[in-house]
Amino acid sequence: MKRTPLTLAVLALAASLAWLLWFWEPVPAPGDQHRPPALAAPPTGGDFRLTAGGETLDLKDLRGQVVLIYFGYTWCPDICPTNLAFIAAALKALTPEELARVQVLFISVDPQRDDPRRLARYAGYFHPRIRGVTGSADQLAAAARRYGAAYRRVEQSDSALGYLVDHSAYTYLVDPRGALVQTLDHATPPPVITAAIRKLLEAG
């Protein structure tokens, strides 16, 4: 059946509403929104072990792929959606062959609220190659230390969210050999991300 422009517009609106109903939470007042802190320490990179959908995920198992790592959480009101949208746009510029060699890990630093189902759906909304992972407090702290990621819980007694998590907002690029080779700032433009990924893919 041929779809008219009006039909396509209705379908797009329905998809947007479905996402809002599933993920939207009241956004704090501007004064309550967290700001991304600086790195806790210079990132050195290295392997870590977390969980994805109830299964163990070792970074070393992703050898041969370019891996992008980003620390955040699904209840983040503004910073995470921006970064993940930019990363997703960068991935969409890749060819299918290139995309097959790239994996993005969205590491939630809020395991108390980010259960596997919510985390998987949230990450997948942005792009199928973005995988939501988390872990125990000790596992997250160990991974964060390797990449210099900073995060801390901030109570918000007057907010419907209950609390926020201040977190650094850098994207780490790991080459196919498992070495950290680049750290991208918050809201790095998608073309810059795409170019960085392609450079690592070409280097092998």
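The values are calculated or read from the model by the stated rules, or taken from the named source; none is laboratory data. Since we're looking at a predicted model, the values are computed, not measured. Heads up, the Cβs are rebuilt from the backbone with ideal geometry, glycines too, and the neighbour counts pull from every protein chain shown. Side chains included, ligands, DNA and RNA excluded: accessible areas come from the protein's heavy atoms. Shrake-Rupley method; radii C 1.70, N 1.55, O 1.52, S 1.80 Å.
Results, tabulated for the structure shown:
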quantity	calculated
Sulfur and carbon atoms: percent of accessible area, segment 67-204 [1.4 Å]	52
Interchain or long-range residues, amide H under 5 Å from Ala149's placed H	Ala40
Residue-by-residue Karplus 3J(HN,Hα) for segment 42-47, coefficients 6.51, -1.76, 1.60, Hz, glycine and proline x	x, x, 10, x, x, 6
1.4 Å probe accessible area per residue over segment 53-101, in Å²	40
Values of log10 I(q)/I(0), in the order q = 0.20 Å⁻¹, for segment 60-204 under a Debye, Cα-only, solvent-free model	-1.27
Estimated inter-spin distance, Arg118 and Glu155, nm [label 7 Å along Cα→Cβ]	2.0
Tyr163 long-range amide H proximity, modeled H, under 5 Å	Gln156
Accessible area (Å², per residue) of segment 123-204, counting only protein heavy atoms and a probe of 1.4 Å	47
Alpha-carbon Rg with Dmax, taken over segment 101-141, Å	10.3, 31
